[in-house]
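For reference, the structure discussed in these notes is given below.
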Amino acid sequence: MSHKAGFVSIIGKPNVGKSTLMNALVGEKLSIITPKAQTTRHRILGIVNEENYQIVFSDTPGIIKPRYGLQDSMMNFVKGALSDADLILFVTDVNEQHDENDVLEKIINSTIPMIVLINKIDGATQEQVDEKQAYWQELLKPMHIYAISALHKYNLEGILEKVLENLPEHPAYYDKEELTDKTQRFFVSEIIREKIFNNYQKEIPYSTEVVITAFKEEEKITRISAEIIVERDSQKNILIGKGGAMLKKVGTEARKDVERFLNQKVFLETFVKVIPDWRSKKNYLKSFGYEN
């Protein structure tokens, strides 16, 4: 029997629902999801395995005009995802006012087959959906357009079949037991980062990086130490909160999710460290996994 395998890159602006979509298609929570834009910073692979196919989805950072080193690196992840894609899933929000020029610059002249997914239609009228379908059909002439709600898993059922139709015959790229290319440490750091996005406002989440400094698996418990990196002392004070209350809240919420993720009791300790302007310094970006 022939075997299909290929790379499918999920592309779009920040906050259009790319991570929610990948998690729904893969059937596992691999990408963190928060209401804030630019939550995803890395290219995260989600792998769907069956006996006669392997689909490697790439969740990518939302496409923006970069303003500092970290955002440059994020856009390089997008570039990489486009360069090896067999298929593009372009996700757009039904409520967008056609201001997706940053994304269009990257995909409008692409020769890679494309499917357009108009997301968040649960709050839209049929007229809005029809208008968006006509607009994208005219502009991109994709192979197919789906109107979906990734959050409510609405109208997703035909997507995998359509993706498979457009993948080449190829042996599996990854072991069939693999769900992703990322390590447990990576996902633990992402869970902590998700709690920071959910608990703090303004620039705090964007100025923060989480580094796992120790990950010790014992028979009955996994002991984890994490450093939360910020850029300024004032951010450190906000992160810790009065009497350490905010940091404790983040740690408790993260520990519960990490226990569910690892299916194991966890002891999690968190420390806050200031590294001025880390988002613009190549050596730190490299050590945090943003530079190849």
- Task: Amide H neighbours of Val272 under 5 Å, at least 5 residues apart or on other chains, H built in the peptide plane: list them.
- Result: Ile228
- Query: Once every DSSP H run of n ≥ 4 in the chain is given -39500 (n - 2.57) and the sum is divided by its residues, what mean residue ellipticity at 222 nm do you get, rounded to the nearest 500 deg cm²/dmol?
  - Reply: -10500 deg cm²/dmol
- Query: Whose amide H sits under 5 Å from the amide H of Tyr53, counting only residues 5 or more places off or on another chain, with H placed in the peptide plane?
  - Reply: Lys4
- Please work out the C-alpha center-to-center distance from the stretch 101-131 to the stretch 1-72 and express it in whole Å. 16
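Report the semi-axes of the equivalent ellipsoid for the chain in whole Å, largest first, where each axis is √(5λ) for an eigenvalue λ of the Cα gyration tensor.
In descending order, the three semi-axes are 34, 23, 18 Å.
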- As computed over the stretch 64-118, the Cα convex hull volume per residue (Å³): 83
- Task: Using per-residue counts of other Cβ atoms within 10 Å, averaged over each peptide, order 263-273, 18-28 from highest down.
- Result: 18-28, 263-273
- Integer Hz, Karplus 6.51/-1.76/1.60 couplings in order for the stretch 28-44, x for Gly and Pro: 9, 7, 9, 9, 6, 10, 9, x, 8, 6, 6, 6, 6, 10, 10, 8, 10
- Helix 69-83: angle to the longest alpha-carbon principal axis of the chain, degrees 0 to 90, nearest 10? 30
- Task: Tabulate in residue order the Karplus-calculated ³J(HN,Hα) for the stretch 160-175, using 6.51 cos²θ - 1.76 cosθ + 1.60 with θ = phi - 60°, rounded to whole Hz; enter x for Gly and Pro.
- Result: 4, 4, 5, 4, 4, 4, 9, 9, x, 6, 6, x, 4, 7, 10, 4
- Please report the orientation-averaged projected area of the stretch 19-94, defined via the convex hull of its C-alpha atoms, in nm². 5.8
- Task: Can you tell me the dipole magnitude for the chain around its Cα centre, using point charges on the Cβ only (Lys, Arg +1; Asp, Glu -1), in Debye to the nearest 20?
- Result: 1460
- Message: Could you work out the relative contact order of the chain? I mean the mean sequence separation of Cα pairs under 8 Å and 6+ apart, divided by the number of residues, in percent.
- Response: 19
- Query: Taking every eigenvalue of the Cα gyration tensor of the stretch 92-199, multiplying by 5 and rooting it, what semi-axes result, largest first, whole Å?
  - Reply: 28, 22, 15
- Filtering trypsin sites (Lys or Arg not before Pro) in the stretch 166-240 by DSSP loop and by at most 16 other Cβ atoms within 10 Å leaves Lys176, Lys202, Lys220, Arg232
- Give the residue from Leu167, Ala147, Phe77 lying farthest towards the positive end of the charge dipole for the chain; charges sit on Cβ (+1 for Lys and Arg, -1 for Asp and Glu) and the dipole is referred to the Cα centre. Phe77
- P(r) weight above 18 Å for the stretch 168-213, C-alpha pairs, percent: 49
- In a Gaussian network model over the chain where Cα atoms closer than 10 Å are linked, find which of Ile47, Ile275, Ile115 has the largest mean-square fluctuation. Ile275
- Item | Coarse-grained scattering of the stretch 179-292 at q = 0.13, 0.15, 0.20 Å⁻¹, given as base-10 log I(q)/I(0) from a Debye sum over alpha-carbon atoms | -0.49, -0.65, -1.11
- Amide H to amide H, which residues 5 or more places from Arg41 or on other chains are under 5 Å from it, using H placed in the peptide plane? none
- Item | Residue of Gly243, Gly46, Gly69 that the Gaussian network model of the chain assigns the largest fluctuation, springs spanning Cα pairs under 10 Å | Gly243
- Of all DSSP beta bridges in the chain, what percent run antiparallel (nearest 5)? 35
- Query: How large, in Å, is the stretch 11-138 by the Kirkwood hydrodynamic radius built from its alpha-carbon pairs?
  - Reply: 15.3
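Only bridges with both residues in the stretch 1-100 count here: give the DSSP antiparallel percent, nearest 5. Write down the numbers at each step before the final one.
Numbers: 7 of 18 bridges.
Rounded to the nearest five, the antiparallel share is 40 percent.
Every number here is computed from the coordinates shown, using simple stated rules; none is lab data. The shown structure was predicted, so the numbers you read here are calculated from the model rather than taken from an experiment. Don't worry about glycine lacking a Cβ; one is built from the backbone with ideal geometry, like all the others, and counts go over all protein chains shown.
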